[in-house]
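Chemist: Let me give you the structure first, and then I'll get to my questions.
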2 protein chains.
Amino acid sequence: MPRRADPERIAQKREQIAVEAGRLFAAQGYDRTSVAEVAKAVGTSPASVFYYFEDKASLFRAVFERDLPAAEALIARHVEAPDPVTAILDVLDALARDAADPSASGMLIELLRRAGDDPELLAVVGRTANVLREGLAALISRGITEGAIDPDLDATETAAWLQAIVDATYLNARPGHSPHIELHRTVLGYLNPPQGRQEEPNG
Amino acid sequence: MPRRADPERIAQKREQIAVEAGRLFAAQGYDRTSVAEVAKAVGTSPASVFYYFEDKASLFRAVFERDLPAAEALIARHVEAPDPVTAILDVLDALARDAADPSASGMLIELLRRAGDDPELLAVVGRTANVLREGLAALISRGITEGAIDPDLDATETAAWLQAIVDATYLNARPGHSPHIELHRTVLGYLNPPQGRQEEPNG
DNA sequence: GTCTATAGCACGATAGAC
DNA sequence: GTCTATCGTGCTATAGAC
């Protein structure tokens, strides 16, 4: 029973459409998912979807706009943690949590693909990625200061590389295969001060 | 001057079309590249393209069919190398060589995306990936035997993970940024026997 | 073998009634 | 706000002349 304009109801409907669209985009891809299909999944008409979203591209973007607050909360939760290396692993674990879900792989691929075509989408995911990168970089810097991370590493570059490795866990997704062990070993091996990697420490 | 059936000329034309198609697919994506566009780039008509390729999907697959012999040659060149760890790094370097080229990133993304929709494409790239994985696994096994690689690692699983890390270098591509340093550090840190990663070796 | 022309279809987005 | 109906567009693939 929609009374008045009810802005909250509008937000709920937008959310409902975005969720259903996200499912379909992840499973089938952007181009192979028609707005009519999304409308049917929600139980409405294409025209109604276009009432809530300007066009199909903005519908896709809506799926990723919810990630920014989640990323900010994730970083806030770990940035003050006592041990920076543990905090880094916890953050990366959270980011890789969905890696086993093959539809999450599909969504990452669609995202990478469409980010090249839609500058606004690039801005949306760029903001999220920046929050994560800066949060990780801060933890890396602290780890370097405390001697737990190789001081030769550049904090920001390393943070970007860790993000790419998380993406790799999505690409390496196989059902029933948890990426955590590989991820931990990779990250610890990368961050560790050179304790035995090179036989000759420089003078 | 096309005399007779001239099977060699057919192969050349197919190659020419596949090369041009590859360029466009990498730059714009599969769905956003029409066969008409490919035809124009080659200087011919859409009908002529369909004379050489059954359909658009097979045109896309042709781009990746050339990778199998290249992969076999790459593995053959390194599988007998004296130092297995160096050989692994050399193979991965070769695979990551194009990672700086942004259009190569685009092609990887299109490949991942279409492999889910085209079983024949999945088979084509699967054969190439298997050759690389088995070659790397053989090198890893030898490295374990020689004591240069952690014996707790599973050779095949590790090979698959190294392939995923190579993919990560493509995703982390930025102009003027060479992935080799990160790649080497990551791989060596991952393969190394636990010399200082854990303070307590198990009894 | 290569062309022009077009069939046949699917889709994004809009118009306009209710 | 939601609908039905449809416009306009662009595509893959084919037909048929040369």
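The values are calculated or read from the model by the stated rules, or taken from the named source; none is laboratory data. Being a predicted model, the structure only gives us computed values, none of them experimental. Cβ placement follows ideal geometry from the backbone for every residue including glycine, while neighbour counts extend to all protein chains displayed. Surface areas here come from the heavy atoms of the whole protein model, side chains and all, with no ligands, DNA or RNA. Shrake-Rupley method; radii C 1.70, N 1.55, O 1.52, S 1.80 Å.
Chemist: Taking segment B:114-133 as the search range and keeping residues that are open to solvent by 20 Å² or more (accessible area, probe 1.4 Å) and outside any helix (DSSP H, G or I), which one is nearest to B:Leu162 (Cα to Cα)?
Modeler: B:Gly116
Chemist: Could you please give the count of residues in segment A:94-120 that are away from chain B (no Cβ under 14 Å) and either touching a Phe, Trp or Tyr at 6+ places or on another chain (Cβ under 7 Å) or under 21 Å from A:His78 (Cβ atoms) (or both)?
Modeler: 3
Chemist: A follow-up question, please. Select the helices (runs of 4 or more DSSP H) contained entirely in segment B:4-94, then report the ones holding at least 2 residues which are aliphatic (A, V, I, L, M) and crowded, with 16+ Cβ neighbours inside 10 Å.
Modeler: By residue number, B:7-28, B:35-42, B:56-65, B:67-78.
Chemist: Cβ contacts < 6 Å: first residue on the phi > 0 side of the Ramachandran plot, restricted to segment B:99-114; second residue open to solvent by less than 20 Å² (accessible area, probe 1.4 Å) and modelled with pLDDT of 95 or more, any location; separation 6+ or different chain. Result?
Modeler: Matching pairs, first to second residue: none at all.
Chemist: With the structure loaded, tell me whether A:Leu188 is away from chain B (no Cβ under 12 Å) and either under 24 Å from A:Asp31 (Cα atoms) or touching a residue at least 60 places away in the same chain (Cβ under 8 Å) (or both) or whether it fails that test.
Modeler: no
Chemist: Ok, one more. Kindly provide the set of residues from segment A:46-96 that are within 30 Å of A:Gly147 (Cβ to Cβ) and not aliphatic (A, V, I, L, M), ordered by number.
Modeler: So the first thing to find is which residues in segment A:46-96 are within 30 Å of A:Gly147 (Cβ to Cβ), and the list is A:71-96.
Within segment A:46-96, A:Glu72, A:Arg77, A:His78, A:Glu80, A:Pro82, A:Asp83, A:Pro84, A:Thr86, A:Asp90, A:Asp93 qualify.
Chemist: Does segment B:1-56 hold any residues that are in contact with a Pro (Cβ under 8 Å, 6 or more places away or on another chain) and on the phi > 0 side of the Ramachandran plot, and which are they?
Modeler: none
Chemist: Kindly check whether there is at least one residue in segment B:164-175 that is acidic (Asp, Glu), open to solvent by 10 Å² or more (accessible area, probe 1.4 Å) and part of a helix (DSSP H, G or I). Spell out the reasoning first.
Modeler: Looking only at segment B:164-175, we keep the residues that are acidic (Asp, Glu), and these are B:167.
Keeping just the survivors that are open to solvent by 10 Å² or more (accessible area, probe 1.4 Å) gives B:167.
Of the ones still in play, those that are also part of a helix (DSSP H, G or I) are B:167.
Yes, some residue in segment B:164-175 is acidic (Asp, Glu), open to solvent by 10 Å² or more (accessible area, probe 1.4 Å) and part of a helix (DSSP H, G or I).
Chemist: Something else: Tell me, please, whether a residue that is within 14 Å of chain A (Cβ to nearest Cβ), open to solvent by 20 Å² or more (accessible area, probe 1.4 Å) and at negative phi can be found in segment B:134-147.
Modeler: No, segment B:134-147 contains no residue that is within 14 Å of chain A (Cβ to nearest Cβ), open to solvent by 20 Å² or more (accessible area, probe 1.4 Å) and at negative phi.
Chemist: Please state which of the following conditions B:Met107 fails to meet, knowing it meets all the rest: (1) of a type in the set (A, V, I, L, M, F, W, C); (2) within 16 Å of DNA strand D (Cβ to nearest atom); (3) surrounded by 16 or more Cβ atoms within 10 Å (Cβ to Cβ).
Modeler: Against the list (1) of a type in the set (A, V, I, L, M, F, W, C); (2) within 16 Å of DNA strand D (Cβ to nearest atom); (3) surrounded by 16 or more Cβ atoms within 10 Å (Cβ to Cβ), B:Met107 comes up short only on (2).
Chemist: Still on this structure, I have one more. Could you check B:Ala76 against (1) in the same structural domain as B:Ala164 (by TED's automatic domain parsing); (2) within 12 Å of DNA strand D (Cβ to nearest atom) and say which number it fails?
Modeler: B:Ala76 satisfies every listed condition except (2).
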